[in-house]
Amino acid sequence: MGILDGKVALVTGAGLGLGRIEALALAEAGASVIVNDLGSGLDGEGSDEAPANDVVREIEAAGGKAAAAFGDVSDWEDARRIVRQAVDQFGDLNIVLNNAGIQRDGMIVKMTEDQFDSVMRVHVKGHFAMIKHTMDYWREKSKAEGGEPLYGRLISTASDSFMMGNLGQPNYAAAKAAIAHLTLSAARECQRFGATANVILPRARTRMTMSGPWASIFAEPEDGSFDAFAPEHIGPLAVWVASPHAANVSGQLIQLWGKHIRVFAAPTAALDHENEQPWNVDELQKVLGPFFEGKKPIEDGFALPMM
């Protein structure tokens, strides 16, 4: 018996990389899996049905149940059809793991409008469209069942790049910030159905990390030592968050790499001061001047330290 026996999962961007690992892990745990992937390049161009079909065959060869879905998650009607396919094909939809994304890096001064819009569209609208149509299904199911709590897990994929403010990836960092807060909002809304929504922040070797500014850090070790950034490490986290173990876990940001796991707390104020009189420039200087004196720009700000 698998911990996800009888559950239906949908994984976007599941043809390659992390999405593939997560789809395989969910299937191994007993879930029937809809494998969504357009098979496009890292920049979002082109399409190929082979990656999604290959993952389906892997799952079926291992004795699991799976089906491919080729719609574009950032297309409103495609997203609706992908959700409906899961329900029609396997009878329900319990777990949605949003993983689809693209990367089009560049410095702000050189970034084009299309570079920015395309990354925001796939990452942010793609997550939103899948969450929206899934929650529509859950709401109707909950109403039909008299408001009884249902088994629902929304899992979004972000990155700590939004907390670092990665140089050369302003569109990607902005998209991941939006995903994190979209999911926190979804967690509050879907709680009434008995469902949860969480964000995982994987540090793993993928097409994105190997083509970005961190390629040397995420590279496979040549000396055969422990591979902390192997994408396979992320599979168990996806299963745990999707499982009954995490029934009371919602609105969380969880990061994993190698043997390390980290749960982020809510941001806290570094300075919280109530003044005795209304603010003016001189009064602000009395409080902010000493506070910022000696602090390094960026390094001592909100952003996490760079890796």
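The values are calculated or read from the model by the stated rules, or taken from the named source; none is laboratory data. Every value quoted in this text rests on a predicted model; they were computed, and no experiment measured them. Cβ sites come from the backbone with ideal geometry, for glycine too, and all protein chains shown count toward neighbours.
In the range 51-67, what residues are of a type outside the set (Val, Ile, Thr) and farther than 28 Å from Asp117 by Cβ?
So the first thing to find is which residues in the range 51-67 are of a type outside the set (Val, Ile, Thr), and the list is 51-54, 57-58, 60-67.
Of everything in the range 51-67, those that are of a type outside the set (Val, Ile, Thr) and farther than 28 Å from Asp117 by Cβ turn out to be Asn53, Asp54, Arg57, Glu58, Glu60, Ala61, Ala62, Gly63, Gly64, Lys65, Ala66, Ala67.
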All conditions in (1) over 19 Å from the mean Cα position of the chain (by Cα); (2) surrounded by fewer than 22 Cβ atoms within 10 Å (Cβ to Cβ) are true of Lys7 except (2)
Number of the condition not met by Val239 [criteria: (1) over 19 Å from Ala197 (Cβ atoms); (2) at pLDDT 95 or above; (3) among the β-branched types (Val, Ile, Thr)]: (1)
Which of the numbered conditions does Met307 fail, given that it passes all the others? Conditions: (1) under 30 Å from Ala23 (Cβ atoms); (2) out of contact with any Phe, Trp or Tyr (no Cβ under 6 Å at 6 or more places or on another chain); (3) at pLDDT 95 or above. (3)
Taking the range 51-98 and keeping only residues that are at pLDDT below 95 and touching a strand residue (DSSP E or B) at 6+ places or on another chain (Cβ under 8 Å), one is left with Phe70, Gly71
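Is it fair to say Ile102 is touching a Leu at 6+ places or on another chain (Cβ under 8 Å), buried (at least 17 other Cβ atoms within 10 Å of the Cβ), among the β-branched types (Val, Ile, Thr) and in a helix (DSSP H, G or I)?
On the way: touching a Leu at 6+ places or on another chain (Cβ under 8 Å): yes; buried (at least 17 other Cβ atoms within 10 Å of the Cβ): yes; among the β-branched types (Val, Ile, Thr): yes; in a helix (DSSP H, G or I): no.
It is false that Ile102 is touching a Leu at 6+ places or on another chain (Cβ under 8 Å), buried (at least 17 other Cβ atoms within 10 Å of the Cβ), among the β-branched types (Val, Ile, Thr) and in a helix (DSSP H, G or I).
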Failed condition for Ile108, given (1) β-branched (Val, Ile, Thr); (2) surrounded by fewer than 21 Cβ atoms within 10 Å (Cβ to Cβ); (3) part of a strand (DSSP E or B): (3)
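Do we find a residue being under 16 Å from the mean Cα position of the chain (by Cα) and buried (at least 18 other Cβ atoms within 10 Å of the Cβ) anywhere in the range 67-76? Quick ask: steps written out before the conclusion?
Taking the range 67-76 first, the residues under 16 Å from the mean Cα position of the chain (by Cα) are 73-74.
Remaining after also requiring buried (at least 18 other Cβ atoms within 10 Å of the Cβ): 73-74.
Looking for residues that are under 16 Å from the mean Cα position of the chain (by Cα) and buried (at least 18 other Cβ atoms within 10 Å of the Cβ), one finds at least one in the range 67-76, hence yes.
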Sort out for me the helices (runs of 4 or more DSSP H) sitting completely within the range 130-226 that have 3 or more residues that are under 24 Å from Ser118 (Cβ atoms), modelled with pLDDT of 85 or more and not β-branched (Val, Ile, Thr). 161-164, 170-190
